[in-house]
Amino acid sequence: MDNAQQSCKSCLSLIETFLCTASVAAGIGNLYRLPQTVISNGGLPFLVAYAILLVFVGFPLLFLELGIGQIVQDGFMKTWRAVPFFKGVGYVKLLAGCLILVYYPLHMAMSLYYLIWFAKASPPFLECATVRMEKDGYKADGISGQECIQKTFLESPFEEPTWFGIYSALILLIWLIVMAWCIKRSKTYEKALIVFLLCTLACLIALIVKAIETNQFQGIEGFVTNVDWDILAKSEVWYFAAIQVFFSTHLGFGVFTSNAGVIYKKSNPFWTSLGYIFLNLVFGVLAVCLYYAVSHNIDPAPSNTTIFEIHLLTHIYDVVLQAEDADMQIWSVVAYVTIVFAGFISMITIMYTIIKALSLETKNKLRWWQLSLVLSFICFVLGCATLLCPDLDVLHIFDYYIVGNLIMITVILEVLSFMIFYGPKRLQSDFEFILGNSLTTVWLGLWYLCPLLLLGIFIWCLATMPLTGYDSDDPLWVYATGWAVVAGALVFIVIVGFYTAAQQVEYFTFGDKFVASFKPSRNWGPTDPMMLHNWMQWQSKAQDGERDFTLKRRGTKEYTHSVKNRSKYNSKSYTPTISDSSTISGTLTYKKGDQLKNYESYLRSNSYEKPLRVTSLIDVMDSTPINTFQRNSVSGGYKTNYNPLANVNNTQTVQVSYLDGHTDGSTSEGYGTYRKGPFVIEDDGLEHVCHRRSSFNEQATEL
C-alpha cells in the first residue's frame, strides 16, 4: 500500500511539473507577441529563423540556466556568487522583468476593453461608427481598429479623462488578480500556472475546432505560398528573431533559475529543457497559424501609421467588422480571452521570480505579501503613467528599445562570464553532479558559441539597422531615451562590478580584491545542507579526477522524503561493539531497512588511521558506564539522544576558565560537553540525528 501511494504521488508530481512547464510555454510573449512579430518581419522566413535560433540557441541556454538554477536552488540573484563582479547583470535582469510587468497589463486591459464592448453591442462600436442615409434607411459604417482605439481608449487623458479612468480601472483589476495568486509564495504559484493553462488550452482548442469547421485556411495558404526567402539575408530578421526567443521562452529573465528550486528541483534539466522547447515551438506555431486563419482575405501586415504594439488586437476587431459570419464575434471574444489568460501566465511567472529575488536581496526584511503589495502598486502606477503619453510611445520604448536589448546583453555577459571566469571544467563538473552522468564537451562548445552568435547578431544589427526605428523614424526623445537606458545599464554593470570588488573582505589591496571578484565566493553553492555536503564532496573528489555519481542531486531524494515523512523507515537501530574505552576497534553498523554499512571500512576509506576520541554529551551527569546503547531515552517529557560513538568510561576532565581569568573549581569533559546538564531535545518524534566531526581529535559529535 505504501509503495502504491508513493508511486501515485510521484506520478502526480510529474504531471504537475509537466503542466507548469507547458503553462510557462503558453505565455503572452508566445501567443501574442510572436504572431505580431511574424507578420511584420516577413512571415514564414522569419518564423523559420525564429525556430532555428530557438533550437540551437534557446535550447542550450535553457539547459544551462536550469542546471545553474538547480545548483543555486534559489533566486537568480544568487547566481552571481559564482562570478561576483557581474552581480550588476542580475539587477539589470530585475529591471527588465519589472518593465515587463509595467506594460503587459496594457495589452491585457485593452483585450478586456474589447470584451466589454463586444458584450454591449456588435461592431462597429457606437463611438467609432459613422452613420449614412440610404434608400432603405440608415447604415452605420465603422472606422478601422487603429483609428477606433486612438479615438477612444488611447485618447489623451487631458482631453477625455473618462477613457483614461476606464483603462486604469481595468489595469487595477488585473493587478488585484495577479496579487491574489502571488501572495502565498509557491503554494498558489503552481496552482495559478495550472489553472490558467487549462483555461488557455480550452480557448485554443475552441479556436482550432472553429477554424477546421469553417475551413478557414485561405490565410494559412497565403502565409505558406507567398514567401520571399531573400529576407533571411537581412540583419533585422535574425535580430528580431533572437529578441523574440527571449520573450517567447522567458529565457534570460531568471524564471527558470528561480523555478529550478521549486518546480524543477527533482527534474533532469536536459529533458526538461528539451520538452519545454518543443512545447514552446508547438504553441508558437499554433498561435501564428490561428492568426493567419482568422485573418481571412484581410492583409494582416501593419501599415506605417499603425501602433505596432497593439496591431494584433485591432486587427481582430477589423476582421469582425468585415466578416459576413455572424458567429465571428463570438470567436473574436475567445481570441481576446486567450490573450488575457496568456497574459496572466506571464505576469504571475515573472512576478514570482522578481518577488523571490527581492526577498533574498532584502534578506527577508519585508514579508512576501508586503513585497507583492508594494511591487504591484508601483507597477500599477507606472502602467497608468505610461498612458499619459500619446500613442503608447512609452510602451514602444520599453518593448522595442529597452527590454529586448537588455535581456540579450545580460544573457551574453552571463554565459561568457561563466564560461571564461567560472571555467568550463567547473561548469562541467557541476552539471555532472546534477545529471548523475558524464557531460559531453559538445555542450561546452555550444555554451561558448551561443553568446558569440548573439553578440555577432547584435553587432550586425547595430551596423546595418537605423537606430531611429525600424519601419519609420521615431521622435528624437523616443530613441534617445531607449538607447540611453541600454547604455546606462552597461555602465551600471561595470560600476556594480567595481563596488563588489571593493567589498571583498578576504584581501587587502584593491588589485587582489579585483581578481578575487572574478572567482566564486565562499557562499557559492547549493542552499540545501545535504546537497551542499554532497556537492562539496563531489568537488573535492573531482579535483583528483574522480567522479562519484552516487553523489548526484537525485541522491538526496531519499533524504528529503525521510525528513518529510519520518515514518517511512521503521527499522532503525545501532549495534556498536567497542572494545576499548579510548578507541574504536570493533565494528559499528547502522541498519536502515535491509542496508548495512560497515563504519570501520568507512573510516579506512577516508584515511582515519589515528585513534578516535569522541566526547560524550551526558558523561558529566552520569559517569556510570553504559554497557547497552539505547537510541532514544525519554525521561520527564524530554528525549535525550546518546552519541553512539561517545567514550563513556574515561572522561577527560579539565578545569573551566572564564574570559576574565578566574575559575570556579568546576570541571568539564572538554569540547562537545555541557557542564550543567545533558543535551536534550523536546521533540519526541525526532528520528534523524546528525553527527559531524568538529575537531581533529574526535570522530563525531552528536548535535
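The values are calculated or read from the model by the stated rules, or taken from the named source; none is laboratory data. Keep in mind the model is a prediction, meaning the values are calculated, not measured. Cβ atoms come from the backbone with ideal geometry, glycine included; neighbour counts cover every protein chain shown. All accessible areas refer to the heavy atoms of the entire protein, side chains included, with ligands and DNA or RNA removed. Shrake-Rupley method; radii C 1.70, N 1.55, O 1.52, S 1.80 Å.
For segment 140-156, the criterion of being part of a helix (DSSP H, G or I), surrounded by 18 or more Cβ atoms within 10 Å (Cβ to Cβ), touching a residue at least 24 places away in the same chain (Cβ under 8 Å) and in contact with a His (Cβ under 7 Å, 6 or more places away or on another chain) is met by at least one residue.
Yes or no: F153 at pLDDT below 95, touching a Phe, Trp or Tyr at 6+ places or on another chain (Cβ under 8 Å), of a type in the set (A, V, I, L, M, F, W, C) and over 30 Å from G497 (Cα atoms)?
Spelling it out, F153 is indeed at pLDDT below 95, touching a Phe, Trp or Tyr at 6+ places or on another chain (Cβ under 8 Å), of a type in the set (A, V, I, L, M, F, W, C) and over 30 Å from G497 (Cα atoms).
Just to be sure, is P520 under 26 Å from the mean Cα position of the chain (by Cα), within 27 Å of G69 (Cα to Cα) and assigned to a loop (DSSP other than H, G, I, E, B)? Yes: the conditions hold for P520. Cβ-Cβ contacts under 6 Å between residues 6 or more apart (or on different chains), taken from a first residue in segment 380-401 that is touching a residue at least 40 places away in the same chain (Cβ under 8 Å) and β-branched (V, I, T) to a second residue that is assigned to a helix (DSSP H, G or I) and open to solvent by 40 Å² or more (accessible area, probe 1.4 Å), are listed as I397/T481. Taking every residue in segment 316-345 that is without any contact (Cβ under 8 Å) to a residue 40 or more places away in the chain and pairing it with any residue that is among the acidic types (D, E) and part of a helix (DSSP H, G or I), at least 6 positions away or on another chain, yields no pair with a Cβ-Cβ distance below 9 Å. Of all residues in segment 69-89, those that are outside any helix (DSSP H, G or I) and surrounded by fewer than 23 Cβ atoms within 10 Å (Cβ to Cβ) total 2.
Considering every residue within segment 2-23, establish whether at least one is open to solvent by less than 10 Å² (accessible area, probe 1.4 Å), over 22 Å from F308 (Cβ atoms), in contact (Cβ under 8 Å) with a residue 60 or more places away in the chain and touching a Ser or Thr at 6+ places or on another chain (Cβ under 6 Å). Checking segment 2-23: not a single residue is open to solvent by less than 10 Å² (accessible area, probe 1.4 Å), over 22 Å from F308 (Cβ atoms), in contact (Cβ under 8 Å) with a residue 60 or more places away in the chain and touching a Ser or Thr at 6+ places or on another chain (Cβ under 6 Å).
With the structure loaded, tell me whether T21 is outside any loop (DSSP other than H, G, I, E, B), farther than 16 Å from I243 by Cβ and out of contact with any Asp or Glu (no Cβ under 9 Å at 6 or more places or on another chain) or whether it fails that test.
Yes.
Checking T272, T249, T257 one by one, the residue that is closer than 17 Å to C450 by Cα, within 16 Å of the chain's Cα centre (by Cα) and either of a type in the set (V, I, T) or at pLDDT 85 or above (or both) is T249 and no other. Looking only at segment 441-481, filter to residues that are aromatic (F, W, Y), closer than 18 Å to M408 by Cβ and in contact (Cβ under 8 Å) with a residue 60 or more places away in the chain; which one of those is least open to solvent (accessible area, probe 1.4 Å)? Applying the filter and picking the extreme gives W447.
Here P466 meets each of (1) in a helix (DSSP H, G or I); (2) at pLDDT below 95 with one exception, condition (1).
When segment 403-432 is filtered for residues that are over 21 Å from the mean Cα position of the chain (by Cα) and either buried (at least 21 other Cβ atoms within 10 Å of the Cβ) or of a type in the set (K, R) (or both), the ones remaining, listed by number, are K425, R426.
G423 - would you say it is free of Cβ contacts under 8 Å to residues at least 24 places away in the same chain and either of a type in the set (G, A, S) or in contact with a helix residue (DSSP H, G or I) (Cβ under 8 Å, 6 or more places away or on another chain) (or both)?
Values: free of Cβ contacts under 8 Å to residues at least 24 places away in the same chain: yes; either of a type in the set (G, A, S) or in contact with a helix residue (DSSP H, G or I) (Cβ under 8 Å, 6 or more places away or on another chain) (or both): yes.
Yes; evaluated as a whole, the condition is true for this residue.
Checking the stated criteria, V92 turns out not to satisfy the condition of being in contact with a Cys (Cβ under 9 Å, 6 or more places away or on another chain) and part of a helix (DSSP H, G or I).
Identify the residue in segment 482-514 that is assigned to a helix (DSSP H, G or I), open to solvent by 80 Å² or more (accessible area, probe 1.4 Å) and among the β-branched types (V, I, T) and, among all such residues, is nearest to F398 (Cα to Cα). Selected residue: V491.
Which count do you get for residues in segment 176-211 that are among the small types (G, A, S) and open to solvent by less than 20 Å² (accessible area, probe 1.4 Å)? So the count comes out to 2.
Return the only residue of L173, L115 being open to solvent by less than 40 Å² (accessible area, probe 1.4 Å) and either within 30 Å of R522 (Cα to Cα) or at pLDDT 85 or above (or both).
L115
Selection of segment 255-266 for residues being touching a helix residue (DSSP H, G or I) at 6+ places or on another chain (Cβ under 6 Å) and either crowded, with 19+ Cβ neighbours inside 10 Å or in a helix (DSSP H, G or I) (or both) yields V255, F256, T257, S258, A260, I263, Y264. Based on this model, can you work out whether S332 counts as within 18 Å of L94 (Cβ to Cβ) and either open to solvent by less than 40 Å² (accessible area, probe 1.4 Å) or in a helix (DSSP H, G or I) (or both)? Spelling it out, it is not the case that S332 is within 18 Å of L94 (Cβ to Cβ) and either open to solvent by less than 40 Å² (accessible area, probe 1.4 Å) or in a helix (DSSP H, G or I) (or both). Regarding F240, is this residue out of contact with any Gly (no Cβ under 7 Å at 6 or more places or on another chain) and either open to solvent by 40 Å² or more (accessible area, probe 1.4 Å) or more than 29 Å from L406 (Cα to Cα) (or both)? Criteria not met by F240. Scan segment 38-59 and tell me whether some residue there is open to solvent by less than 20 Å² (accessible area, probe 1.4 Å), within 16 Å of D230 (Cα to Cα) and outside any helix (DSSP H, G or I). Yes. Examine segment 359-377 for a residue that is within 30 Å of A119 (Cα to Cα) and open to solvent by 10 Å² or more (accessible area, probe 1.4 Å), and state whether such a residue exists. So far as segment 359-377 goes, yes, one or more of its residues are within 30 Å of A119 (Cα to Cα) and open to solvent by 10 Å² or more (accessible area, probe 1.4 Å).
Which residues, taken from segment 316-326, are open to solvent by 10 Å² or more (accessible area, probe 1.4 Å) and either touching a helix residue (DSSP H, G or I) at 6+ places or on another chain (Cβ under 8 Å) or not charged (D, E, K, R) (or both)? If the condition is that a residue be open to solvent by 10 Å² or more (accessible area, probe 1.4 Å) and either touching a helix residue (DSSP H, G or I) at 6+ places or on another chain (Cβ under 8 Å) or not charged (D, E, K, R) (or both), then I316, D318, V320, L321, Q322, A323, A326 are the ones that fit.
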